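Only one structure is covered here, and it is reproduced in the block below.
The values are calculated or read from the model by the stated rules, or taken from the named source; none is laboratory data. Because the structure is a prediction, the values reported are computed rather than measured. All Cβ positions, even for glycine, are placed from backbone atoms using ideal geometry, and neighbour counts span all protein chains on display. Please note that ligands, DNA and RNA were not included when accessible areas were found on the heavy atoms of the full protein model with its side chains. Shrake-Rupley method; radii C 1.70, N 1.55, O 1.52, S 1.80 Å.
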Amino acid sequence: MRTCFHDDAVIELHQSLGVDAFIALGRKILDQYMVTWHNTGNQLVEVNGSTAWAEHYTTSSHRIAADEEGPERDFVASGRYIDRLEQRDDVWRILRRKLVIDFTRTDVVAGTHVGLGISSGTRDRDDPSYRMR
């Protein structure tokens, strides 16, 4: 993820962060969830010389373990990444990113199973993706 951003990039969430602070925050947040899933969908990119503007729609789901706040549940967020990109030394990277959340919801998990003998994913090097490489 680090290489997607210029060293002086700014990421706007609830506050403005530098790249290293953004990555550290992401690790801290993701540790709260059993598993996460992110999908980037529709994209619009407008290039103007060595700068560009881009908007990417995204949906993410975060599995939360049962706790004192409720049963096992999925937190789902849909929004957009709005980016300013810049080409430096023939390399395109993000200079500024703003995350906009358009809507969220939380769904109680009624039951879990993969079924049909299909492997489940893991958040470590035991994941089938690593074995396939």
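Test of understanding: extend the Cα→C-beta vector of residue 42 to 7 Å, then name every residue of the range 74-104 with backbone N under 13 Å from that spot.
Under 13 Å, as judged by backbone N against the label point of residue 42, lie 79-81 of the range 74-104.
For the range 13-25, take each phi angle, set θ = phi - 60°, evaluate the Karplus expression 6.51 cos²θ - 1.76 cosθ + 1.60, and give the result in whole Hz per residue in order, putting x for glycine and proline.
The phi angles translate into 10, 7, 8, 8, 10, x, 4, 5, 5, 5, 5, 4, 5 Hz.
For residue 98 and residue 123, what does the FRET efficiency come to when R0 = 22 Å and r is the distance between their Cβ atoms, rounded to the nearest 0.05?
Given R0 = 22 Å and the Cβ-Cβ separation, E is 0.20.
How much of the accessible area of the chain, probe 1.4 Å, is carbon plus sulfur, in whole percent?
Its accessible area is 50 percent carbon and sulfur atoms.
Could you pull the accessible area for residue 89 with a 1.4 Å probe, rounded to 10 Å²?
Taking all protein chains as shown, residue 89 has close to 150 Å².
Hey, can you grab everything whose amide H is under 5 Å from the amide H of residue 127? Only 5+ residues off in sequence or another chain; H modelled, so Pro and N-termini drop out.
122
How large is the accessible surface per residue of the chain, computed with a 1.4 Å probe and reported in Å² as a whole number?
Per residue, the chain has an accessible area of 72 Å².
When only alpha-carbon atoms count, how far does the chain stretch along each of its three principal axes, as whole angstroms with the largest first?
So the three principal-axis extents are 51, 37, 27 Å.
In whole Å and largest first, what semi-axes does the C-alpha gyration tensor of the range 47-102 yield when each eigenvalue is scaled by 5 and square-rooted?
Over the Cα atoms of the range 47-102, the semi-axes work out to 36, 11, 7 Å.
Would you check the accessible area of residue 93, probe 1.4 Å, heavy atoms only, in square angstrom rounded to 10?
About 80 Å², ignoring ligands and nucleic acids.
Within the range 34-133, which GluC sites (Glu not before Pro) sit in a loop by DSSP and count at most 12 neighbouring Cβ atoms inside 10 Å?
Loop-located and lightly packed - 68, 69.
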